[in-house]
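Here's the structure, in structure tokens; my notes come after.
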Amino acid sequence: MISPDQPARCIACGHPLEPAARFCSQCGRRQGQLDVWILRPLWILVLSFTVLGPFALPLVWVSRGTNRTGKIVVSAVIILYTVFVFYVGYLFLAWYFRYLERVTHLHVGGYF
Ligand SMILES: [Zn+2]
């Protein structure tokens, strides 16, 4: 966090800014709180595991909170999680259709 006795600085290049500046006069980067919290790796993981799934991957790659290795690790975790969720979903559907078949004697699960 920015301490009060220091001038505000650009979140991208570190150029000193007016406290109310919304864009960096040096590099043009937009300054803002939303920008900061949504790009934190932990938040990206939380969003990925709850609502975004693999759609959180672009956030990982624009995030400034991690280096390249960190981004690769976070991406791998998200991809593995996605594959796991789809696999569990597939197993559940396969089981469910087999169960329906047994109960109803219909061949709704022929594709599984
Ligand atoms: Zn800047």
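Read-outs: derived from the displayed coordinates by stated rules, not from any lab. Bear in mind the structure is a predicted one, so any value in this text is a computation, not a measurement. Quick reminder, even Gly has a Cβ in these numbers, built from the backbone with ideal geometry, and neighbours come from all protein chains shown.
Close amide H contacts of Leu17 (hydrogens built in the peptide plane, cut-off under 5 Å, sequence separation of 5 or more or a different chain): Ala8, Arg9, Cys10.
Report the relative contact order of region 33-104, percent, no decimals, based on alpha-carbon pairs under 8 angstrom and at least 6 residues apart. In percent, rounded to a whole number, it is 27. Once the C-beta distance of Arg9 and Trp61 is scaled by a Förster radius of 25 Å, the resulting FRET efficiency is 0.60 to the nearest 0.05.
Each Lys and Arg contributes +1 and each Asp and Glu -1, all at the Cβ; summed about the Cα centre of region 33-104, the dipole is approximately 140 debye. Panel values: region 33-104, Kirkwood radius from alpha carbon pairs, Stokes-Einstein at 4 °C and 1.567 mPa s, translational diffusion coefficient 95 µm²/s. Fully extending the segment from Arg68 to Arg22 would add 13.8 nm, taking 0.36 nm per residue of separation and subtracting the current Cα-Cα distance. Here Leu42 and Leu93 are evaluated by their C-beta separation; at R0 = 30 Å the FRET efficiency comes out at 0.40.
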